[in-house]
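K.L.:
What follows is a single structure, and I will ask about it in a moment.
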Amino acid sequence: ARMIVTYPEVSWALLFLFVAASGVSHSLQSSLADYYRNAYLKIVVDPTKSELEGADEIRMEYATIRFMHNPIKKILMRFYLNYTIQQESLSRNFQNLRKLIDSKYGINIPRWVSDEYRRTNKPLMKYYAVLTTNIRMIIMAVCVLADIVPLFFALELVIFNLLMIMVTRHQEGLSAALAGRIGQEGM
């Protein structure tokens, strides 16, 4: 509402689209950052303590829930399944790596795999932090206090999306390379 009053020359519908596109962008960015941070925990820290679940696992659990007995849980699991499918669709090379690690090692991930994943992916953690909520809240607060709210949405759409694309492409390249090394290990 404040933006409509502050920028009367701009159509409210255009402002709404600007804000909605920023919200969708934020959702995708946070989703990927969360996914790759959980991947890091699974491969580097402890596979049993990671919250990284595949869509197939969630789909099986979803199928066991009866709507008539627990409608809220069924609905929330559907949202979670969609969220996970979205994450997986944006991280295809990592999916190959995850499935390869799961099938070849289970929870007994070799030290060299963990070390290599840590070495190549730890530098990306700072970018994942930028793509999550805390830094955004600081930027949004500054933009609100300075009365330049459209700048926040522009940053969301341009800068943060570019960052997400660059980090995801790099992460996907690292995942493909590590999967290749693991695949050659047994030859």
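The values are calculated or read from the model by the stated rules, or taken from the named source; none is laboratory data. Since the structure is predicted, the reported quantities are computational estimates derived from the model, not experimental observations. Cβ coordinates were reconstructed from backbone atoms using ideal geometry, including for glycine residues, and neighbour counts include every protein chain displayed.
K.L.:
Would you check if residue 91 is out of contact with any Lys or Arg (no Cβ under 6 Å at 6 or more places or on another chain) and without any contact (Cβ under 8 Å) to a residue 12 or more places away in the chain? Walk me through it before giving the result.
P.N.:
Values: out of contact with any Lys or Arg (no Cβ under 6 Å at 6 or more places or on another chain): yes; without any contact (Cβ under 8 Å) to a residue 12 or more places away in the chain: no.
Judged against the criteria, residue 91 is not a match.
K.L.:
Suppose we filter 50, 31 for residues that are at pLDDT below 85, surrounded by 16 or more Cβ atoms within 10 Å (Cβ to Cβ) and not aromatic (Phe, Trp, Tyr); which single one remains? Outline the logic, then answer.
P.N.:
Working: 31 fails: at pLDDT below 85.
Only one candidate passes the filter, namely 50.
K.L.:
What's the number of the only condition in (1) exposed (fewer than 15 other Cβ atoms within 10 Å of the Cβ); (2) farther than 30 Å from residue 105 by Cα; (3) in contact (Cβ under 8 Å) with a residue 12 or more places away in the chain that residue 134 fails to meet?
P.N.:
The number of the failed condition is (3).
K.L.:
Any residue in segment 108-124 that is on the phi < 0 side of the Ramachandran plot and free of Cβ contacts under 8 Å to residues at least 12 places away in the same chain sitting within a Cβ distance under 9 Å of a residue that is surrounded by 18 or more Cβ atoms within 10 Å (Cβ to Cβ) and in a loop (DSSP other than H, G, I, E, B)? List the pairs, counting only those 6 or more apart or interchain.
P.N.:
Listed by first residue and then by second, the contacts come to 108/47.
K.L.:
Taking helices (runs of 4 or more DSSP H) that do not extend beyond segment 57-175, which have at least 2 residues that are hydroxyl-bearing (Ser, Thr, Tyr)? Steps first, answer last, please.
P.N.:
On the way: elements: 71-89, 92-105, 111-121, 125-130, 133-145, 149-157.
Fully inside segment 57-175 and qualifying: 71-89, 92-105, 111-121, 125-130.
K.L.:
Can you find a residue in segment 106-124 that is within 21 Å of the chain's Cα centre (by Cα) and aromatic (Phe, Trp, Tyr)?
P.N.:
yes
K.L.:
If residue 153 satisfies every condition in (1) modelled with pLDDT of 90 or more; (2) more than 25 Å from residue 40 (Cβ to Cβ) but one, which is the exception?
P.N.:
Residue 153 satisfies all of (1) modelled with pLDDT of 90 or more; (2) more than 25 Å from residue 40 (Cβ to Cβ) except (1).
K.L.:
If you take the residues in segment 53-98 that are among the aromatic types (Phe, Trp, Tyr) and surrounded by 13 or more Cβ atoms within 10 Å (Cβ to Cβ), which one is nearest to the chain's Cα centre (by Cα)?
P.N.:
Here the residue is 83.
K.L.:
I've got another one for you. Which ones in segment 20-41 are farther than 19 Å from residue 80 by Cα and of a type outside the set (A, V, I, L, M)?
P.N.:
Hits for segment 20-41 are 22, 40.
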